[in-house]
Amino acid sequence: MTRLLPRTILGQLIAGTVLVQTVLLALFLSLTVRHELEQNDVTSMQRLQNQTQLLARLVQHPLEMRDAEQTQSLVEAVRASPVISSARITDLQGNTLALSPATAGGLDQYEQPQIRQPFAYHGFRGENGETEGVAPVISSEGRTIALAWIEMDPAILHRQPISLVKNAMQYALLAILANLLLVVVLARSISRPLRLLVAGTQELAHDPEYSSKFPLPVTTFNEVGDLTHSFNTTVLELRQQRAGLRETLAMLDSMLATAPVGFAFYDRELRFVRVNQYLANMDVSPILQHVGRHVRDVAPAGLAPMIEAGIEKVFATGEPLLEVDMDGESPQQPGVPCSWTISFYPVYEADEIRWVGAVVIETTQRRQAEEAMRKTEKLAAAGRLAASIAHEINNPLEAVTNLLYLLKTQPSLDAEARDYAEAAQRELGRVAQITQQTLRFYRQSTQPTSAKLGEILDSVLLLYHARIESTRVEVVCDYAETRELMAFGGEMRQLFANLIGNAADAMPNGGRLLLRVRTGHWWNGEEAVVGVRVTVADTGCGMPEEVRRRIFEPFFTTKEATGTGLGLWVSEEIVNKHGGHISVRSRTEEPSGTVFTIFFPYEGVVLTRVS
């Protein structure tokens with residue numbers, strides 16, 4: 001049924017108006033015509049009675065005179081009336097005495113029973129429903145001598161109701177047209193703004209970010225105009241709220257995307273709802289491969305049970321679970337131990353925990369830094385102790401050296417004793433040189449000074465002399481004459497100590513250590529720079545490619561308990577501080593070994609500080 005209804009307000013108003021007017025017309029006609037027919041029937045019966053009695057009086061005299069011709073003339077004259085369809089005169093037995101033209105001769109089955117005494121006027125319905133009347137013809141003596149019959153024309157009887165219906169129909173048609181005209185005029189003031197509202201709403205639903213139809217024009221000053229104005233205000237407020245929401249979401253998305261921590265949200269089925277790029281990189285899996293998947297399908301095998309337990313606990317208690325430390329293997333580098341700190345938070349929606357959010361922070365470097373700090377503090381304490389010991393030893397060493405000199409000059413000593421004194425003096429000189437080098441390591445200069453790299457290398461070799469001899473490492477020094485270099489002497493000793501120490505560690509069963517100093521050039525991308533090139537090469541075990549790529553990373557070490565992972569990182573920083581460049585080549589196949597090449601431009605520290 002609803003499919004038959006018009007879909008527009010104008011169509012519905014027109015259909016409703018036509019329907020209401022039609023129903024009202026039908027009710028009006030049914031009541032009016034019924035009343036009119038009743039009134040017409042009463043009037044017709046009264047007229048029929050008058051006509052019938054008139055005919056009875058007219059034919060009384062001709063019947064008494066037995067003048068059949070005059071009787072017939074009177075009957076025909078009465079029949080001439082437009083409301084009478086037939087007239088006749090019969091005797092008391094129903095035999096026809098006079099008959100109007102086009103009238104059946106005898107009485108029918110409905111008329112015959114009307115002949116009854118006492119004779120008086122009465123009306124009745126005929127064979128075809130027509131109205132008839134019969135009245136007695138009374139003689140001058142008061143006797144009934146005949147009966148007068150008249151039948152009314154049914155078309156005449158219904159002519160007035162039909163005319164009434166026609167007039168009512170014409171009035172109804174004019175009323176419907178007038179109402180439709182009013183409906184059209186009024187509906188346009190309603191339907192046109194509503195059509196604009198519908199079109200604008202559809203466009204807004206299709207593209208909430210942009211709609212060329214808003215603000216809608218206010219064309220009427222009624223409730224529809226107020227509705228349009230309110231709708232424009234609502235859309236404007238929604239746009240402003242949407243703009244603010246977009247800005248907030250943009251800031252949140254930017255924070256999630258660029259934050260140096262991992263973010264993830266989980267549902268009750270322990271599936272990822274959302275992650276940021278940082279966490280995706282930590283899991284070595286794209287963001288799209290996280291969403292909708294279970295924790296155990298993405299997270300490292302060792303961490304998945306702990307993450308699941310944390311999520312389930314927050315869902316069960318509704319309380320956050322903060323800073324849970326977890327250890328496992330790095331997804332990016334299987335086999336490499338890593339550490340994480342994960343905090344779990346409930347995310348509510350309508351007073352119900354909808355998701356659980358997790359903030360993941362990788363703490364591997366922090367823990368390594370803490371361990372390195374502990375080792376470095378031990379080394380610093382050992383350095384301070386060694387410097388203190390060297391300082392305290394230096395004074396008695398000078399006294400013992402002087403005493404040996406005096407002893408050697410005594411004339412009472414024989415040649416063998418004098419040789420012993422000279423040997424002791426040489427060894428004490430060597431001990432004094434070691435203590436001086438130790439003090440130089442501890443006492444760092446704050447300003448660059450002129451230095452020869454060959455001398456610095458020799459001073460470092462003196463510190464490692466006993467270790468190098470114990471491992472039967474052959475040291476080859478090849479120093480060419482070069483200009484002096486502006487450098488921080490203490491940092492240079494630390495640099496070469498790291499490289500020579502690592503070379504000694506790589507040759508526990510002996511080998512060959514080459515230290516070479518040459519004047520060289522280095523192309524910095526714009527010009528060839530002149531400076532000093534230092535080569536530190538060993539014939540040790542070498543480094544595999546995956547280790548070589550990471551040797552300058554902080555806290556990366558292959559020495560386990562004895563290494564901090566900071567030596568080569570600090571060494572690279574020292575080279576960069578002097579405006580230099582360091583490169584490394586290594587191989588594990590025979591002949592194995594590692595070669596460090598360091599280039600320092602002349603006055604590199606000065607040039608770097610000016611730039």
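The values are calculated or read from the model by the stated rules, or taken from the named source; none is laboratory data. Here the structure is a predicted model, which means the values were calculated and not measured. Glycine also receives a Cβ, built like all others from the backbone with ideal geometry; neighbour counts cover every protein chain displayed.
Report yes if Arg47 is over 30 Å from Asn167 (Cα atoms) and basic (Lys, Arg), otherwise no.
Details: over 30 Å from Asn167 (Cα atoms): no; basic (Lys, Arg): yes.
So Arg47 does not fit the description; no.
Considering only residues of the stretch 63-76 that are within 27 Å of Phe124 (Cα to Cα) and touching a residue at least 12 places away in the same chain (Cβ under 8 Å), which is surrounded by the most Cβ atoms within 10 Å (Cβ to Cβ)?
So the first thing to find is which residues in the stretch 63-76 are within 27 Å of Phe124 (Cα to Cα), and the list is 63, 71-76.
From what is left, the residues that are touching a residue at least 12 places away in the same chain (Cβ under 8 Å) are 63, 71-72, 74-76.
Values: Leu63: 23, Thr71: 22, Gln72: 17, Leu74: 21, Val75: 26, Glu76: 14.
Per the criteria, the residue is Val75.
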Does any residue in the stretch 108-127 that is of a type in the set (Phe, Trp, Tyr) come within less than 6 Å, Cβ to Cβ, of a residue that is in a loop (DSSP other than H, G, I, E, B) six or more places away or on a different chain, and which pairs are these? Tyr110/Gly126; Tyr110/Glu127
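Results for (1) under 30 Å from Met65 (Cα atoms); (2) outside the structural domain of His61 (by TED's automatic domain parsing); (3) buried (at least 16 other Cβ atoms within 10 Å of the Cβ); (4) at pLDDT 75 or above, shown as yes or no for each residue.
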site	(1), (2), (3), (4)
Ser139	yes, no, no, yes
Leu147	yes, no, yes, yes
Pro154	no, no, no, no
Arg192	no, yes, yes, no
Criterion: in a loop (DSSP other than H, G, I, E, B), assigned by TED's automatic domain parsing to the domain that holds Ile598 and buried (at least 20 other Cβ atoms within 10 Å of the Cβ) - qualifying residue of Gly525, Gly540, Gly531: Gly540
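Filter the stretch 89-113 for residues that are of a type in the set (S, T, N, Q) and farther than 22 Å from Gln72 by Cβ; which is modelled with the lowest pLDDT? It would help to see each step written out before you state the result.
Of the residues in the stretch 89-113, the ones of a type in the set (S, T, N, Q) are 90, 93, 95-96, 100, 103, 109, 112.
Now restrict to residues that are farther than 22 Å from Gln72 by Cβ: 109, 112.
On the way: Gln109: 77, Gln112: 80.
This residue is Gln109.
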Residue count for the stretch 19-59, restricted to those that are modelled with pLDDT of 80 or more and β-branched (Val, Ile, Thr): 2
Condition (residue is at pLDDT below 80, part of a helix (DSSP H, G or I) and more than 27 Å from Gly580 (Cβ to Cβ)) applied to the stretch 448-464: is it met by at least one residue? no
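In this structure, is Thr588 under 23 Å from Ile456 (Cα atoms), among the polar types (S, T, N, Q) and over 49 Å from the mean Cα position of the chain (by Cα)? Explain how you work it out, then say what you get.
Working: under 23 Å from Ile456 (Cα atoms): no; among the polar types (S, T, N, Q): yes; over 49 Å from the mean Cα position of the chain (by Cα): yes.
Criteria not met by Thr588.
With respect to Val517, determine if the residue is of a type outside the set (Lys, Arg), buried (at least 17 other Cβ atoms within 10 Å of the Cβ) and not in a loop (DSSP other than H, G, I, E, B).
Numbers: of a type outside the set (Lys, Arg): yes; buried (at least 17 other Cβ atoms within 10 Å of the Cβ): yes; not in a loop (DSSP other than H, G, I, E, B): yes.
When the stated conditions are applied, Val517 passes them.
Restricting attention to the stretch 270-325, which residues are assigned to a loop (DSSP other than H, G, I, E, B), more than 22 Å from the chain's Cα centre (by Cα) and under 17 Å from Thr341 (Cβ atoms)? Spell out how you get there, then give the answer.
If we filter the stretch 270-325 for residues that are assigned to a loop (DSSP other than H, G, I, E, B), which is where we start, we get 270, 276, 284-286, 290, 292-293, 299-303, 318-320.
Next, only the ones that are more than 22 Å from the chain's Cα centre (by Cα) stay: 284, 299-303, 318-320.
Residues satisfying the conditions are Ala299, Pro300, Gly302, Leu303, Pro320.
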